[in-house]
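Peer 1: My questions all concern the structure below.
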Amino acid sequence: QVQLVESGGGLVQAGASLRLSCVASRIALSRFAMAWFRQAPRKEREFVAAISWSADNTYYADAVKGRATISKDNAKNTAYLQMDSLQPDDTAVYYCAAHLNGGGSQNFKTYDFWGQGTQVTVSS
């Protein structure tokens, strides 16, 4: 069974940084586009960042552009989201998702597999 397991979330103060990780099993991330989405309480799930299967292209939501970096390490079968200058509005559950041969879509319906999420809480 395919699994994506996120880690790296936590409670931090505004201005801090976090690196979220997403370890995949039973799929080879070398063939998958990866994305991060987030969902805050009482809000809809929103796109954060994506990287194409080849890692040639990356995409970011306007809300995180300049503060976030998405990457993947195919040898470790792991995707990452580095978030800097965190703000209280970044508080949410962050999910990673995988899309076979994908280009890095911002549409959550595109993605084939999802992790269970990791909580990020930013205090002011």
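The values are calculated or read from the model by the stated rules, or taken from the named source; none is laboratory data. Predicted, not measured: the structure shown is a model, and the values here were computed from it. We place every Cβ from the backbone using ideal geometry, glycine too, and count neighbours over all the protein chains shown. Remember, those area values only see protein heavy atoms, side chains included, never the ligands or the DNA or RNA. Shrake-Rupley method; radii C 1.70, N 1.55, O 1.52, S 1.80 Å.
Peer 1: Cβ contacts < 8 Å: first residue in contact (Cβ under 8 Å) with a residue 40 or more places away in the chain, restricted to the stretch 79-96; second residue of a type outside the set (Asp, Glu) and assigned to a helix (DSSP H, G or I), any location; separation 6+ or different chain. Result?
Peer 2: 79/29
Peer 1: If you take just the strands (runs of 3 or more DSSP E) that sit entirely in the stretch 31-87, which of them hold at least 1 residues that are farther than 18 Å from residue 3 by Cβ, open to solvent by less than 50 Å² (accessible area, probe 1.4 Å) and of a type in the set (S, T, N, Q)?
Peer 2: 68-73
Peer 1: Next question. Within the stretch 1-30, how many residues are open to solvent by 80 Å² or more (accessible area, probe 1.4 Å) and of a type in the set (A, V, I, L, M)?
Peer 2: The total comes to 1.
Peer 1: Regarding residue 4, is this residue in a strand (DSSP E or B), closer than 21 Å to residue 113 by Cβ, touching a residue at least 12 places away in the same chain (Cβ under 8 Å) and of a type outside the set (S, T, N, Q)?
Peer 2: So residue 4 passes the test.
Peer 1: Could you please let me know if residue 106 is touching a residue at least 24 places away in the same chain (Cβ under 8 Å) and either buried (at least 17 other Cβ atoms within 10 Å of the Cβ) or assigned to a strand (DSSP E or B) (or both)?
Peer 2: No: the conditions fail for residue 106.
Peer 1: Still on this structure, I have one more. When the stretch 88-98 is examined, which residues are found to be open to solvent by 40 Å² or more (accessible area, probe 1.4 Å) and in contact with a strand residue (DSSP E or B) (Cβ under 7 Å, 6 or more places away or on another chain)?
Peer 2: Residues satisfying the conditions are 88, 95.
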